[in-house]
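The structure appears right after this line, and notes come after that.
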Amino acid sequence: MESTETLKSTLIDCLKQQVCELEVLTSIYPDNGDIIFTKKSILEDIKDFIDNKTEYTPNHLDFTLNLIVENLKLEISINLPSFYPKEEPDIFIRCNHLNRQQETLLNNNLTDYINVNHCGEQCLYTAISWLQDNVGKYKCTTAEITGPVESKMTNKVQDKFVRLWIFSHHIYNRKKREEIVKIAHDYDLNGFCLPGKPGIICVEGSEDSCFNWWKIIKNMNWKKIVIRKTETFDDSVRIKEQKFSNFEEIVFQNSNKKNSDMSAFSKFIDDHGLSHIFNDLFNLS
């Protein structure tokens, strides 16, 4: 097991590489607005840590790169784990002229490319270059873009009320978090998303809507994401069993600002009458 000093030295080395790679990207994409940081002071925070001006471990480097390629507007959301490039980056792409299925395929193919070519080395520029070379293959006409989601296009009677409990190794990427909430709203689902490490999502609603939502979410790029528990009820008891009135992101952070505060989360689900679920989520006996 590595000592604390060895881990800190490794972390500093990784952060130095992140800063250098970001400086290269900034020189390639110098226009104001091309690169937008989620936290404006993040680079200063990282440099202070590298220079031993603070003992506070900085947040993950999280930013959005905005590009236009072949008349396609791309939002490339990038979240770097603390130990990147030893660990793979978390990259999620939105595009204004790709439908949901094409966007999912693009993200999956980019992930496959990174998995093959990462090898513990810096890979942001090569990943972005791959995207610029290949995004045109996914282009669609306006007529091909899908309309409202399936649950709003059918009058099919829903006879089951379902609650899914989902466990993820982590949820940091801001764009993914926005998509989780947005798609839940599209499908008229209730529940919450708890970002951090680990990440927890609960969705409740009609069976078809829940699993259509899950089909989209699970195909995003994840280190690990699984359904830990499915609760199923007759629709006749929906009013009694429904625990949430909307879908929203909730935040319970501990002192290091990265991991979720499980004590606060436990109280949250207790307050919603769901204390029985905690052991199932974390595989506790």
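The values are calculated or read from the model by the stated rules, or taken from the named source; none is laboratory data. Model, not experiment: these values are computed from the prediction. For neighbour counting, all protein chains shown are included, and Cβ atoms are generated from backbone atoms with ideal geometry for every residue, glycine included. Accessible surface areas use protein heavy atoms only, side chains included; no ligands, DNA or RNA. Shrake-Rupley method; radii C 1.70, N 1.55, O 1.52, S 1.80 Å.
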Check your understanding: In the range 181-215, what residues are among the basic types (Lys, Arg) and more than 22 Å from Phe282 (Cβ to Cβ)?
Key -> Lys182, Lys215
**Study point:** Criterion (in contact (Cβ under 8 Å) with a residue 12 or more places away in the chain, open to solvent by less than 70 Å² (accessible area, probe 1.4 Å), closer than 21 Å to Asp90 by Cα and not basic (Lys, Arg)) met by exactly one of Val181, Val203
**Key:** Val181
**Study point:** Restricting the range 119-132 to residues that are of a type in the set (A, V, I, L, M, F, W, C) and part of a helix (DSSP H, G or I), the residue that is surrounded by the fewest Cβ atoms within 10 Å (Cβ to Cβ)
**Key:** Trp130
Check your understanding: Among the residues of the range 253-266, which ones are surrounded by 13 or more Cβ atoms within 10 Å (Cβ to Cβ), at pLDDT below 85 and either touching a helix residue (DSSP H, G or I) at 6+ places or on another chain (Cβ under 7 Å) or over 19 Å from Asn279 (Cβ atoms) (or both)?
Key -> Gln253, Asn254, Lys258, Asn259
**Study point:** Pair list, Cβ under 8 Å, 6 or more apart: the range 10-27 residue more than 17 Å from Thr64 (Cα to Cα), other residue of a type in the set (D, E, K, R) and surrounded by fewer than 18 Cβ atoms within 10 Å (Cβ to Cβ)
**Key:** Thr10/Glu2; Thr10/Lys86; Cys14/Lys86
Check your understanding: Which condition breaks for Lys240 when tested against (1) at pLDDT below 90; (2) open to solvent by 20 Å² or more (accessible area, probe 1.4 Å)?
Key -> (1)
